[in-house]
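Take a look at the structure below.
Coordinate-derived values only; no laboratory data. Since this is a predicted model, take the numbers as computed values, not measurements. Every residue, glycine as well, gets a Cβ built from its backbone with ideal geometry; the counts of neighbours run over all protein chains shown.
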Amino acid sequence: MRIFVTASLGLALLTTAITPALAARRPAVRAVVVQAVTRFQAADTDNSRSLSSDEWSAAGAKTEAFTLVDANANGAIGILELIKAALTRAFARAGAN
Ligand SMILES: [Ca+2]
């Protein structure tokens with residue numbers, strides 16, 4: 001539940017920060033966020049609300065991507081870090097940023 005509240009807050013902040021042109025992409029943004037949250041919950045096997053490098057690797061994610069997603073370099077990936085990385089990747093793929 002706390003993850004969804006945090007993710008919802010993050011989504012609200014992100015959606016109010018995006019330009020009107022990007023606002024039209026909200027359904028895609030929502031899908032990316034839902035997928036990121038789902039993956040985060042599946043990977044967080046110890047329910048610590050953060051992903052260790054071991055959990056990251058066990059989930060099949062690329063080891064070299066861990067340090068890129070760990071934006072605050074604290075050695076763990078929080079839900080907002082994962083959502084931000086997922087959105088950045090999705091918009092880069094769409095050529096929207
Ligand atoms: Ca982190």
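Below is a table of values for the structure above.
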read-out	value
Integer Hz, Karplus 6.51/-1.76/1.60 couplings in order for region 70-76, x for Gly and Pro	6, 4, 8, 6, 9, x, 8
Likely footprinting exposure, I83, I77, fewest C-beta neighbours within 10 Å first	I83, I77
Point-to-point label distance, A92-E64, nm (Cα→Cβ direction, 7 Å offset)	1.2 nm
Fewest-first ranking of K84, K62, using other Cβ atoms within 10 Å as the exposure measure	K62, K84
Long-range HN-HN contacts of L51 with modeled amide H, under 5 Å	I77, G78
Vicinal HN-Hα couplings computed from phi for region 28-35 (Karplus, 6.51 cos²θ - 1.76 cosθ + 1.60; Hz; Gly/Pro x)	5, 4, 4, 5, 5, 5, 4, 5
Proximal charge balance of S50 [Cβ under 11 Å; K/R count +1, D/E count -1]	-4
Integer Hz, Karplus 6.51/-1.76/1.60 couplings in order for region 43-57, x for Gly and Pro	7, 7, 5, 9, 6, 8, 6, 8, 10, 7, 5, 5, 5, 4, 5
